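*Asks:* Dumping the structure here so I can ask a few things about it.
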Amino acid sequence: MRGVADIYPLTPAQLGILFDALRDPDPELYFEQVRFDLVGGVELSELRRAWAETIAHHPALRTVWLWDGMDDPVQVVRTAVELPWTELDWRATGAPHEALEELALADRRRGFDLAHPPVAR
């Protein structure tokens, strides 16, 4: 199969998470959101490159779960995954903190599709 580095069965904990996600499609279930304040000058191209290298280095960040039409669910590690990247400039916004909170809430509500990589943004 092209683009696949490895295939594993789901662990018992992963099976429980999948069961919960399929039973209750709340997109915020098991959703972890982390934000950082970067102080000083930030070279966006270098930050983007660093995240791409992080995804390339850690197989768990390139892993999806497949279950539809299968006897047993599996986790599939992709050989490569492109992290979606959005750059927003809120310097002219009168309330950047509020705009960030709205963006974070919308992002949580959007959730993830566990069958399509990446399951990170």
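*Asks:* Confirm whether V64 is open to solvent by less than 70 Å² (accessible area, probe 1.4 Å), out of contact with any Leu (no Cβ under 9 Å at 6 or more places or on another chain), closer than 25 Å to L18 by Cα and in a strand (DSSP E or B). Reasoning before the result, please.
*Replies:* Working: open to solvent by less than 70 Å² (accessible area, probe 1.4 Å): yes; out of contact with any Leu (no Cβ under 9 Å at 6 or more places or on another chain): no; closer than 25 Å to L18 by Cα: yes; in a strand (DSSP E or B): yes.
Criteria not met by V64.
*Asks:* Among (1) in a helix (DSSP H, G or I); (2) under 17 Å from F112 (Cβ atoms), there is one condition Q75 misses while meeting the rest; what is its number?
*Replies:* (1)
*Asks:* Looking at this structure, is T54 of a type in the set (S, T, N, Q) and assigned to a helix (DSSP H, G or I)?
*Replies:* Working: of a type in the set (S, T, N, Q): yes; assigned to a helix (DSSP H, G or I): yes.
So T54 fits the description; yes.
*Asks:* Kindly indicate whether any position in segment 42-56 is farther than 20 Å from R121 by Cβ and open to solvent by less than 50 Å² (accessible area, probe 1.4 Å).
*Replies:* Just the residues of segment 42-56 that are farther than 20 Å from R121 by Cβ, to begin with: 43.
Restricting the remaining residues to those that are open to solvent by less than 50 Å² (accessible area, probe 1.4 Å) gives none.
No; the residues of segment 42-56 include none that is farther than 20 Å from R121 by Cβ and open to solvent by less than 50 Å² (accessible area, probe 1.4 Å).
*Asks:* Which residues, taken from segment 69-121, are acidic (D, E) and either more than 26 Å from R23 (Cβ to Cβ) or open to solvent by 50 Å² or more (accessible area, probe 1.4 Å) (or both)? Spell out how you get there, then give the answer.
*Replies:* Narrowing segment 69-121 to residues acidic (D, E): 71-72, 82, 87, 89, 98, 101-102, 107, 113.
Within segment 69-121, D71, D72, E82, E87, D89, E98, E101, E102, D113 qualify.
*Asks:* As an exercise: evaluate S45 against (1) touching a strand residue (DSSP E or B) at 6+ places or on another chain (Cβ under 8 Å); (2) not in a loop (DSSP other than H, G, I, E, B) and give the number of the one condition it does not meet.
*Replies:* Unmet for S45, out of (1) touching a strand residue (DSSP E or B) at 6+ places or on another chain (Cβ under 8 Å); (2) not in a loop (DSSP other than H, G, I, E, B): (1).
*Asks:* A further question on this structure: List every residue pair whose Cβ atoms sit under 9 Å apart, with the two residues 6 or more apart in sequence or on different chains, where the first one lies in segment 31-47 and is farther than 16 Å from H97 by Cβ and the second, anywhere, is surrounded by fewer than 10 Cβ atoms within 10 Å (Cβ to Cβ) and modelled with pLDDT of 85 or more.
*Replies:* Correct list of pairs: L44/E87.
The values are calculated or read from the model by the stated rules, or taken from the named source; none is laboratory data. Because the structure is a prediction, the values reported are computed rather than measured. For neighbour counting, all protein chains shown are included, and Cβ atoms are generated from backbone atoms with ideal geometry for every residue, glycine included. Heads up: the accessible areas ignore ligands, DNA and RNA and are worked out on the full protein's heavy atoms, side chains in. Shrake-Rupley method; radii C 1.70, N 1.55, O 1.52, S 1.80 Å.
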